[in-house]
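Have a look at the structure below, then the notes.
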């Protein structure tokens, strides 16, 4: 069987409620409707063509058995409208793929336009609801094709003839210069009336305007603006607009090792991922997303912060039970394919630090005070005071025994430190003297039990010999100044023991065929967020040229559309893991902001937020916000 396309060959389109993945051979192989976490209608990405795809391509290139790829592809300007240009012996055509941002039901629109000559085109849609497990009833209703299965109905409208053949809706047509043919896929409940047929060109104009208006709010104008804008759009695309929740990635089970079983469902809202994503967006001028997420947080945690989960569904669901889908073979045979995520039941103490740090950053950035959030903050810190000395599963969500992870303790310190700062600013009413004492106690314990004086490095957990790339965050969060010899030693140890030959960074040592400390067998690629952390650590410790060189090396790993997965395999030179990954794009933005700051400051500060002067009112209808400082994770 022919190997599926590499992960980086996919482009992302979306409507800030769900998304689709379109390959450079014209095939849409992943689409969940109506939400990010809904069952996929097209699951070919983690299966085969029979599990659902929709390809639009020249007849000469159609079919996964061929090697046809678009000649050129790009996003139209600063938008999420994907343009794919095909050039054949008889002419050229382009396909515009997009999903209009919406208040109601989702739509996928694919517009084929003739550029020169005449091109024979084929649209072949094979819908397979239920993650590829269900063959729908495909039939014609008043000239429209509809595929129905259980609660779902997919309506496909176009101006060219359609026919059903062996479960595939096929249209064959010729497109000449100046002509256009639109395909509009609507989802609605199967019991509901047929959806209205939209105006594709009007929808295109509205979609372009939406993204243009949003990207104009970006306050970053540094050297890497193009990369920052594209990453910001990608993060916005992973925001579930109705609730303010943010998914870690819009896919499930794209492997961290080809053929391995480190395959997880990321279509949920991790408090850590969402908080750090918002820190990146706040740093580039976006406050409305922070306000929406704060409301989501209040609803998700509700009156039960003592039982805080580390992740929730995109509208605050708590039951995220993990299961396997045995009928799907997995991407390149990387089984199992999982939906749900058992990590929801873990204890990860660092989450308190990320959430409270983001609430602090939002306050410093001018987001209006919220009394309800202040109460939640107080209860979170009260709970952390009781639990910070416990072992946990840590930032990497190990499936082995709990440990006293150094990063978890450092982030507990961050939670207490930011609470103290807010209290000193009059924004919180807490027992300040006891928190000051606790902050010092956590700091002392980490330095005593989490540091190896022989190797001059912080370790992964108390008493361990393993290293952890998360310790690179120690100077960024302000736990120790960058000039501290323990910080410099840790950076050097991570570079020596966790770096790949080309300078990328792994999270921690893995054990191959043996079960490692994370409770899993197998290996994984270099973790891109950790590589951005090394950029930051190098910049903070005065090695700006090395930091910039590594940052530009990471930029070169992006796909042709500027997208990054979770990991990168430096041997096979390919992206790995769920795609695109919020962590990776957040890391890119924060590193770009840090490099800009270090280049304009003789001695960058740490552990505080600098608030720049607002932009003029004519620049934006939104109120401006602060840039991130180098120390905020």
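Of the residues that sit in segment 149-161 and are surrounded by fewer than 19 Cβ atoms within 10 Å (Cβ to Cβ) and touching a strand residue (DSSP E or B) at 6+ places or on another chain (Cβ under 7 Å), which one is nearest to residue 190 (Cα to Cα)?
Only one residue fits best here, namely 151.
Against the conditions (1) surrounded by fewer than 20 Cβ atoms within 10 Å (Cβ to Cβ); (2) within 16 Å of residue 584 (Cα to Cα), where does residue 273 fall short? Just the number, please.
(1)
Can you report the number of residues in segment 332-351 which are within 12 Å of residue 270 (Cβ to Cβ), in a loop (DSSP other than H, G, I, E, B) and over 18 Å from the mean Cα position of the chain (by Cα)? Break it down stepwise before answering.
First pass over segment 332-351, keeping only residues within 12 Å of residue 270 (Cβ to Cβ): 341, 343-344, 346, 348, 350-351.
Subsequent filtering for residues that are in a loop (DSSP other than H, G, I, E, B) retains 341, 346, 348.
So of that shortlist, the ones also over 18 Å from the mean Cα position of the chain (by Cα) come out as 346, 348.
Total satisfying the criteria: 2.
Which one of 562, 542 is outside any helix (DSSP H, G or I) and more than 26 Å from residue 254 (Cα to Cα)?
Only one candidate passes the filter, namely 542.
In segment 209-233, what residues are over 20 Å from residue 560 (Cα atoms), free of Cβ contacts under 8 Å to residues at least 12 places away in the same chain and assigned to a helix (DSSP H, G or I)?
209, 213
Assess whether residue 282 counts as being in a helix (DSSP H, G or I), closer than 23 Å to residue 213 by Cα and within 15 Å of the chain's Cα centre (by Cα).
Answer is no for this residue.
Only residues that are under 22 Å from the mean Cα position of the chain (by Cα) and in contact (Cβ under 8 Å) with a residue 24 or more places away in the chain: list them for segment 320-331, please.
320, 322, 330, 331 - these are the residues of segment 320-331 that are under 22 Å from the mean Cα position of the chain (by Cα) and in contact (Cβ under 8 Å) with a residue 24 or more places away in the chain.
Residues of segment 77-105 being more than 27 Å from the chain's Cα centre (by Cα) and assigned to a loop (DSSP other than H, G, I, E, B), which ones?
Hits for segment 77-105 are 88, 89, 90.
Looking at (1) over 19 Å from residue 28 (Cα atoms); (2) in contact with a strand residue (DSSP E or B) (Cβ under 8 Å, 6 or more places away or on another chain); (3) not in a strand (DSSP E or B), find the lone condition where residue 135 falls short.
Evaluating residue 135 over (1) over 19 Å from residue 28 (Cα atoms); (2) in contact with a strand residue (DSSP E or B) (Cβ under 8 Å, 6 or more places away or on another chain); (3) not in a strand (DSSP E or B) leaves (1) as the failure.
Please state which of the following conditions residue 74 fails to meet, knowing it meets all the rest: (1) buried (at least 24 other Cβ atoms within 10 Å of the Cβ); (2) part of a strand (DSSP E or B).
Among (1) buried (at least 24 other Cβ atoms within 10 Å of the Cβ); (2) part of a strand (DSSP E or B), the lone unmet condition for residue 74 is (1).
Go through segment 20-47 and count every residue that is more than 22 Å from residue 72 (Cβ to Cβ) and in contact with a helix residue (DSSP H, G or I) (Cβ under 6 Å, 6 or more places away or on another chain).
Adding up the residues that qualify gives 8.
Residues are listed down the side, and each one gets a yes or a no for (1) in a loop (DSSP other than H, G, I, E, B); (2) in contact with a strand residue (DSSP E or B) (Cβ under 6 Å, 6 or more places away or on another chain); (3) not assigned by TED's automatic domain parsing to the domain that holds residue 396:
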| site | (1), (2), (3) |
| --- | --- |
| 188 | no, yes, yes |
| 192 | yes, no, yes |
| 195 | yes, yes, yes |
| 249 | yes, no, no |
| 273 | no, no, no |
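Closer than 20 Å to residue 273 by Cα, touching a strand residue (DSSP E or B) at 6+ places or on another chain (Cβ under 7 Å) and at pLDDT 95 or above, is that true of residue 406? Even if it seems obvious, please write down each step before you answer.
Numbers: closer than 20 Å to residue 273 by Cα: yes; touching a strand residue (DSSP E or B) at 6+ places or on another chain (Cβ under 7 Å): yes; at pLDDT 95 or above: yes.
So residue 406 fits the description; yes.
Just one of the numbered conditions (1) within 30 Å of residue 52 (Cα to Cα); (2) part of a helix (DSSP H, G or I); (3) touching a helix residue (DSSP H, G or I) at 6+ places or on another chain (Cβ under 7 Å) is not true of residue 361; which one?
Among (1) within 30 Å of residue 52 (Cα to Cα); (2) part of a helix (DSSP H, G or I); (3) touching a helix residue (DSSP H, G or I) at 6+ places or on another chain (Cβ under 7 Å), the lone unmet condition for residue 361 is (1).
Residue 552: crowded, with 20+ Cβ neighbours inside 10 Å, at pLDDT 95 or above and within 26 Å of the chain's Cα centre (by Cα), yes or no?
no
The values are calculated or read from the model by the stated rules, or taken from the named source; none is laboratory data. Predicted model, so just to flag it, every value in this text is computed and none were measured. Every residue, glycine as well, gets a Cβ built from its backbone with ideal geometry; the counts of neighbours run over all protein chains shown.
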